[in-house]
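The values are calculated or read from the model by the stated rules, or taken from the named source; none is laboratory data. Everything numeric in this text was worked out from a predicted model, so none of it was measured. So basically every Cβ, Gly included, is an ideal-geometry build from the backbone, and we count neighbours across all protein chains shown. The protein model used for the area step is the full one, side chains on, heavy atoms only, and it has no ligands, DNA or RNA in it. Shrake-Rupley method; radii C 1.70, N 1.55, O 1.52, S 1.80 Å.
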Amino acid sequence: MANKKSDKFFKNYINGSMQPPASGMYIDNYNPATGAVFSYIPDSDERDVAAAVEAACRAFAQWGNTSLDERSRILLRIADLIEQNLPQLAAAETEDSGKPITLSSTLDIPRAASNFRFFATAVPHFASEAHYMPGTAINYTLRRPIGVVGCISPWNLPLYLFTWKIAPALAAGNCVVAKPSEITPQTAFLLAEICINAGLPPGVLNIVHGYGPKVGRAIVGHEQVKAISFTGGTKTGRDIAKLAAPMFKKLSLELGGKNPNIIFADCNFSEMLQTTVRSSFSNQGQICLAGSRIFVQRPIYEKFKNEFIAKTYLLKMGDPMQEDTQIGAVVSKQHAEKILSYIDLAQQEGGRVLVGGNAVKLKGRCSNGWFVEPTVIEGLDFTCRTNQEEIFGPVVTITPFDTEEEVLQYANSTQYGLSATLWTQNLTRAHRMAEELECGIVWVNCWLLRDLRTPFGGVKNSGVGREGGWEAFRFFTEAKNVCIKT
Ligand code: NAD
């Protein structure tokens with residue numbers, strides 16, 4: 001660490017205390033808005049994972065049998081502490097990810113608290129089934145925690161998605177070894193301190209920082225880790241499945257998306273327009289549920305195009321720490337380069353950039369940050385790479401369509417199947433389309449409206465399994481049927 005640029009060294013959270021990595025090595029952690037290293041993350045390896053799993057196995061004997069009330073009380077304390085520390089956590093999330101502070105403080109951190117509160121209050125109501133055989137027997141299903149489970153999460157909604165896995169796993173009585181993204185580790189580090197202050201017993205939750213192929217792989221490959229809940233890219237999901245399948249682990253995989261936003265001429269235009277700006281560019285388009293392929297029915301295509309371009313043009317890009325910034329930095333230099341390469345590709349494929357299309361150098365504190373303009377492209381065929389591959393940045397394509405059949409073909413044409421958005425006032429059509437769309441979530445006349453009780457997940461290469469509500473508790477428990485002859 002000859003050229004040390006910061007005194008901020010994050011630590012792993014293992015067996016209830018903050019610990020340096022076994023290797024003694026650290027990874028640079030960048031602030032994407034300034035391009036500067038501001039902290040260091042443990043470069044952990046299988047030794048740290050082994051220590052975390054050992055602590056989790058020890059803790060499970062007690063945590064798995066802790067009363068529902070007690071588990072619930074501790075998780076509610078964590079939720080309260082997240083809320084009490086909201087400004088600090090939101091600032092940390094923005095520093096790590098480049099997202100606007102208004103987004104961190106109104107979406108990411110409040111949702112992290114909600115995740116704990118939701119599963120803490122749900123678990124006392126989680127019931128299992130009984131099946132009566134008249135005059136013969138009664139069957140009941142015992143649902144017990146699995147034991148030690150692994151939770152691995154991505155960088156786009158760091159604490160939000162990290163807690164979306166950890167909270168149900170813990171509420172169901174499991175002990176957890178978790179790995180946040182190495183690109184955005186800061187709020188997971190702060191969560192460890194919150195867990196200590198909330199009185200979570202040592203070893204119940206362990207957080208190991210570091211690279212995916214080292215730490216993530218060691219978690220997935222550890223024989224004592226019985227289930228893996230993963231959110232991230234489709235390619236990583238495939239690697240995890242390959243490693244976990246021969247070990248017969250339970251797997252929940254939430255993967256990539258290339259979601260259609262389908263706009264019929266009879267929609268409520270102003271509501272649609274406002275929401276479409278959000279579903280295209282919130283978090284710089286780095287949301288797995290973003291509606292990056294916009295299909296517009298021909299009678300309103302030109303009107304939509306003009307008004308959408310005007311609204312996109314007005315989005316305020318700036319220092320993500322400023323309250324009025326709407327577009328912050330993208331998460332890393334490599335990611336900015338990937339996004340820009342897709343904008344080049346779109347043009348090679350015959351697309352016209354209607355607005356945006358460039359990297360931006362801001363003035364002052366953010367002059368070395370990684371900013372990409374919100375970009376709208378038209379003139380592309382639905383089968384081209386730009387319309388088939390996940391860009392995961394502030395880039396959308398717009399395409400006209402005439403009929404329902406035609407737009408269904410466009411919508412269902414990708415390898416992905418996470419979500420879809422539909423804009424129409426015709427209820428019959430909405431039902432018909434919702435049934436035909438190949439995806440796990442359909443929003444009609446809204447976007448990202450979330451009820452945490454609903455099943456969340458994708459089909460095709462967008463994943464396997466569902467999160468949310470009882471689905472999460474079913475995943476994080478093992479069912480055993482007990483048959484008693486009467
Ligand atoms: P990623 O797959 O590169 O990384 C995700 C996590 O997996 C990170 O913690 C990473 O360190 C770890 N990892 C990497 N290689 C690993 C390996 N071989 N074994 C175990 N763990 C490994 O994804 P990302 O770039 O962080 O996130 C962006 C992707 O996540 C996008 O594709 C996006 O669509 C997807 N995503 C999906 C959802 C969803 O709910 N479906 C939500 C958010 C993001």
* Structure fact -> Cβ pairs under 7 Å, 6+ apart or interchain, first in region 212-230 and open to solvent by 70 Å² or more (accessible area, probe 1.4 Å), second within 11 Å of the ligand (Cβ to nearest atom) and hydrophobic (A, V, I, L, M, F, W, C), ordered by first then second residue, are Arg217/Leu243
* List the number of the failed condition for Lys5; all other conditions in (1) more than 19 Å from Phe162 (Cβ to Cβ); (2) in the same structural domain as Leu191 (by TED's automatic domain parsing) hold. => (2)
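Please find, within region 242-258, the residue that is surrounded by the fewest Cβ atoms within 10 Å (Cβ to Cβ) out of those that are among the hydrophobic types (A, V, I, L, M, F, W, C) and without any contact (Cβ under 8 Å) to a residue 24 or more places away in the chain.
Within region 242-258, the subset among the hydrophobic types (A, V, I, L, M, F, W, C) is 243-245, 247-248, 251, 253, 255.
Remaining after also requiring without any contact (Cβ under 8 Å) to a residue 24 or more places away in the chain: 245, 248.
Numbers: Ala245: 10, Phe248: 8.
Among those residues, the one meeting the criterion is Phe248.
For region 67-80, enumerate the residues that are of a type in the set (S, T, N, Q) and open to solvent by 30 Å² or more (accessible area, probe 1.4 Å).
If the condition is that a residue be of a type in the set (S, T, N, Q) and open to solvent by 30 Å² or more (accessible area, probe 1.4 Å), then Ser67 is the only one that fits.
Hey, any hits in region 108-118 for a residue that's of a type in the set (Lys, Arg), surrounded by 24 or more Cβ atoms within 10 Å (Cβ to Cβ), within 22 Å of the chain's Cα centre (by Cα) and assigned by TED's automatic domain parsing to the domain that holds Met247? Don't jump to the end; show me each part of the working.
The initial filter retains those residues of region 108-118 that are of a type in the set (Lys, Arg), namely 111, 117.
With surrounded by 24 or more Cβ atoms within 10 Å (Cβ to Cβ) added as a condition, the list becomes none.
Checked region 108-118: no residue is of a type in the set (Lys, Arg), surrounded by 24 or more Cβ atoms within 10 Å (Cβ to Cβ), within 22 Å of the chain's Cα centre (by Cα) and assigned by TED's automatic domain parsing to the domain that holds Met247.
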* Asked: Tell me, which residue of region 259-283 that is open to solvent by less than 10 Å² (accessible area, probe 1.4 Å) and part of a loop (DSSP other than H, G, I, E, B) is farthest from Ile228 (Cα to Cα)?
  -> Phe264
* To do: Answer yes or no: is there a residue in region 193-204 that is within 16 Å of the ligand (Cβ to nearest atom), in contact (Cβ under 8 Å) with a residue 60 or more places away in the chain and open to solvent by less than 10 Å² (accessible area, probe 1.4 Å).
  => no
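On the basis of being in a helix (DSSP H, G or I) and surrounded by fewer than 21 Cβ atoms within 10 Å (Cβ to Cβ), does Thr236 make the cut?
Answer is yes for this residue.
Only one residue in Arg71, Arg117 is without any contact (Cβ under 8 Å) to a residue 60 or more places away in the chain, assigned to a helix (DSSP H, G or I) and not hydrophobic (A, V, I, L, M, F, W, C). Which one?
On the way: Arg71 fails: without any contact (Cβ under 8 Å) to a residue 60 or more places away in the chain.
Criteria check complete, one pass: Arg117.
Any idea which of Leu159, Leu170, Leu190 is touching a helix residue (DSSP H, G or I) at 6+ places or on another chain (Cβ under 7 Å), open to solvent by 10 Å² or more (accessible area, probe 1.4 Å) and either away from the ligand (no atom under 14 Å from the Cβ) or in the same structural domain as Lys480 (by TED's automatic domain parsing) (or both)?
Step by step, each of Leu159, Leu170, Leu190 is checked, and only Leu190 is touching a helix residue (DSSP H, G or I) at 6+ places or on another chain (Cβ under 7 Å), open to solvent by 10 Å² or more (accessible area, probe 1.4 Å) and either away from the ligand (no atom under 14 Å from the Cβ) or in the same structural domain as Lys480 (by TED's automatic domain parsing) (or both).
When you scan region 31-39, do you find a residue that is of a type in the set (Val, Ile, Thr), surrounded by fewer than 23 Cβ atoms within 10 Å (Cβ to Cβ) and either free of Cβ contacts under 8 Å to residues at least 40 places away in the same chain or within 20 Å of Thr163 (Cα to Cα) (or both), even just one?
Step one: of region 31-39, the residues of a type in the set (Val, Ile, Thr) are 34, 37.
Retained after the next criterion (residues that are surrounded by fewer than 23 Cβ atoms within 10 Å (Cβ to Cβ)): 34, 37.
Next, only the ones that are either free of Cβ contacts under 8 Å to residues at least 40 places away in the same chain or within 20 Å of Thr163 (Cα to Cα) (or both) stay: 37.
Taking every residue of region 31-39 in turn, at least one turns out to be of a type in the set (Val, Ile, Thr), surrounded by fewer than 23 Cβ atoms within 10 Å (Cβ to Cβ) and either free of Cβ contacts under 8 Å to residues at least 40 places away in the same chain or within 20 Å of Thr163 (Cα to Cα) (or both).
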* Looking only at residues in region 218-233 that are within 19 Å of the chain's Cα centre (by Cα) and either in a loop (DSSP other than H, G, I, E, B) or within 6 Å of the ligand (Cβ to nearest atom) (or both), which one is nearest to Ser252 (Cα to Cα)? -> Thr231
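Being of a type outside the set (D, E, K, R), in a helix (DSSP H, G or I), away from the ligand (no atom under 16 Å from the Cβ) and open to solvent by 10 Å² or more (accessible area, probe 1.4 Å), is that true of even one residue in region 311-318?
So the first thing to find is which residues in region 311-318 are of a type outside the set (D, E, K, R), and the list is 312-315, 317-318.
When the remaining residues are screened for being in a helix (DSSP H, G or I), the result is 312-314.
Applying the additional criterion that residues be away from the ligand (no atom under 16 Å from the Cβ) yields 312-314.
Still in the list and also open to solvent by 10 Å² or more (accessible area, probe 1.4 Å): 313-314.
Looking through region 311-318, at least one residue is of a type outside the set (D, E, K, R), in a helix (DSSP H, G or I), away from the ligand (no atom under 16 Å from the Cβ) and open to solvent by 10 Å² or more (accessible area, probe 1.4 Å).
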* Residue in region 467-482 that is free of Cβ contacts under 8 Å to residues at least 60 places away in the same chain and under 30 Å from Val331 (Cα atoms) present -> yes
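Given the criteria buried (at least 18 other Cβ atoms within 10 Å of the Cβ) and either outside the structural domain of Phe476 (by TED's automatic domain parsing) or part of a helix (DSSP H, G or I) (or both), does Ala61 qualify?
Details: buried (at least 18 other Cβ atoms within 10 Å of the Cβ): no; either outside the structural domain of Phe476 (by TED's automatic domain parsing) or part of a helix (DSSP H, G or I) (or both): yes.
Considered against the rule, which asks whether it is buried (at least 18 other Cβ atoms within 10 Å of the Cβ) and either outside the structural domain of Phe476 (by TED's automatic domain parsing) or part of a helix (DSSP H, G or I) (or both), Ala61 comes out as no.
On the given criteria, is Phe304 part of a strand (DSSP E or B), among the aromatic types (Phe, Trp, Tyr), more than 10 Å from the ligand (Cβ to nearest atom) and at pLDDT 95 or above?
Working: part of a strand (DSSP E or B): no; among the aromatic types (Phe, Trp, Tyr): yes; more than 10 Å from the ligand (Cβ to nearest atom): yes; at pLDDT 95 or above: yes.
No, not satisfied.
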